[in-house]
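Please treat every number below as a calculation from the coordinates, not as lab data. The shown structure was predicted, so the numbers you read here are calculated from the model rather than taken from an experiment. No Cβ is skipped: glycine too gets one built from the backbone with ideal geometry, and neighbour counts run over all protein chains shown.
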Amino acid sequence: MRVEAVRGMTDILPEEALLWQYVEAEIREAFALYGYREIRTPIVERAELFARGVGEATDIVHKEMYVFPDKKGQMLALRPEATASVVRAYLEHGLHARGGVAKLYYLGPMFRYEKPQKGRKRQFHQYGVEAIGSLDPALDAEVIDLAWYIMERLGLRREGLFLRLNSIGCPEDRPRYRETLREYFLPHREKLCSDCKRRLEENPLRILDCKVPSCREVAEDAPRSLDHLCPGCRAHFERLLGYLDALGLSYELDPKLVRGLDYYTRTVFELASRDLGAQDALLGGGRYDGLAEALGGPPTPGVGFAGGMERLILVLGDREPPDRCFRLITGPTVYILPVGEGEVTEALRVLARLRRAGIPADMDYAGRSLRKRLQVASQLGVRYALFLGEEELSRSAAKVRDLSTGQEEYVPFGELVPYLQGKSRR
Ligand code: HAM
């Protein structure tokens, strides 16, 4: 039997990889413009990091994490997200001692054992930022502005997108709000799904974002976290709204947005697409002022977001990446056709010289008829075919055919590079 890829883990084939490279490059540039620097953390972490960081009872840790023991019995996990890893690295390397706000970004694969569907994979890729070290709501506004800017840069229409925003308050607000929610849901207990019956005891906030219709119906009139904020959290949120208005960024207040990770405090948001169906969140994020302490560090506030590359690629649809990213990666512009084995050494020499001069070049290795080889060259979109036969070797020159015009010229080996460079400048 043929060995196939693991369910929910997909190959990104060369044609599609081109769009990925383009999108990744645009995202990196946007992050750099906003002052974020890349951090690369390991894909494998101690399972405990996510149990303490993201929360033992969350679906992500409880149901979806890939956990396994190493040879010494230490429990490890494939990272389901990167915020906990980035904060761990921030604490471990004393980045907090460097003063100011640490602005870090990442791109890379994450793993969650979810039911695969459109826009939802078991191995997926996130791009994200974490701004660690400040409570200032202006930083929340900056992060949200960056999220919008990425969409703008990729040419996604604002009308097709919307930003859900909420504040879930601080750890002091939470127990009161939880209790208020529990009191509200208790009389409706029988209408709740089995998961929500459990959530009613463990964390009634999560009932608010349950997708089961009967739970949604009950949640419709549930008390809002915004009405249960302490004065500090209320003021923080109002300042954030003021900044967003000043920046002209639209948002919809969504009292049901609670997010599925336990580390959030105050601001939470999601930028969603109107074209994506059930998995509509292009990115999600918020503040996590207690996360560093949960990981054993000093109290250190932070805010950030992460988005799914797969979903971004989906909304970009069949869009062709712009010309500039076709450089080098669309294939050779020169194709060498050695007539026989005797010309292969010279062909390899010419190839090496052209490539070192920055001219994308390749040659035929399949030993087919001349007609077949020319067919391959035109399929590859090659501009120049270089013929090397006995006669060419004796003249120390290659016969260069411009495949767009059919014109042929003998060009001495020593002049091939300037000749082809001159052509491409014209
Ligand atoms: P999250 O909402 O779990 O947040 O994931 C962020 C984004 O990753 C989602 O909006 C979605 O686009 C994408 N995503 C999540 N799961 C999948 C999946 N199974 N398949 C495809 N795409 C997926 C976090 O991960 C937080 N760490 C975000 C954050 C950063 N908060 C603060 N800083």
What chymotrypsin sites (Phe, Trp or Tyr not before Pro) does the range 1-75 have in DSSP loop regions with at most 12 other beta carbons within 10 Å?
none
How far is it, in nm, from the label point at ARG371 to the one at ALA5 when both lie 7 Å from their Cα along the line to the Cβ?
3.8
Förster radius 60 Å - calculated FRET efficiency between GLU183 and LEU316 (Cβ-Cβ, nearest 0.05):
0.85
Hey, any idea what Rg/Rh is for the range 43-200, computing Rh the Kirkwood way over Cα pairs?
1.00
Between GLN421 and GLU38, what is the label-point separation in nm under the 7 Å Cα-to-beta-carbon projection?
2.8
GNM on the chain, C-alpha springs below 10 Å: top fluctuator among ARG164, ARG40, ARG383?
ARG383
Kirkwood Rh, Cα Rg: Rg to Rh for the range 24-126?
1.01
Between ALA246 and GLU24, what length in nm is gained on full extension when 0.36 nm per residue of separation is reduced by their alpha carbon distance?
77.0 nm
At q = 0.09, 0.10, 0.13 Å⁻¹, base-10 log of I(q)/I(0) for the chain (Debye sum, equal scatterers on each alpha carbon)
-0.69, -0.79, -1.11
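Among the trypsin sites (Lys or Arg not before Pro) in the range 261-315, which ones are in a DSSP loop with at most 13 other Cβ atoms within 10 Å of the Cβ? Mind listing them?
Working: sites: ARG266, ARG274, ARG287, ARG311; in loops: ARG274.
In loop regions of the range 261-315 (DSSP not H, G, I, E or B), the sparsely surrounded trypsin sites (Lys or Arg not before Pro) are ARG274.
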Gaussian network model of the chain, Cα springs within a sub-10 Å range: biggest mean-square fluctuation belongs to which of GLY232, GLY307, GLY284?
GLY232
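Send over the semi-axes of the range 171-232's equivalent ellipsoid, whole angstrom and largest first, taken as the square roots of 5 times the C-alpha gyration tensor eigenvalues.
Values: eigenvalues 86, 26, 17 Å².
Values for the range 171-232, descending: 21, 11, 9 Å.
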With the cut-off at 29 Å, tell me which of the pairs LYS72/LYS118; LYS103/LYS197; LYS72/LYS197; LYS71/LYS211; LYS63/LYS103; LYS63/LYS211 have Cα atoms farther apart than that.
LYS72/LYS118; LYS103/LYS197; LYS72/LYS197; LYS71/LYS211; LYS63/LYS103
Using the basic label-point model (7 angstrom from Cα toward the beta carbon), what is the ARG274 to GLU92 distance in nanometres?
4.4
Would you calculate the volume per residue, in Å³, of the smallest convex hull containing every Cα atom of the range 193-300?
142
Taking N as the residue count of the range 75-118, its alpha carbon Rg divided by 2.2 N^0.38 Å gives 1.51
Express the relative contact order of the chain as a whole percentage, based on alpha carbon pairs under 8 Å and six or more residues apart in sequence.
15
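Which FRET efficiency, nearest 0.05, do ALA57 and LEU348 yield, Cβ-Cβ r, R0 45 Å?
So the FRET efficiency works out to roughly 0.15.
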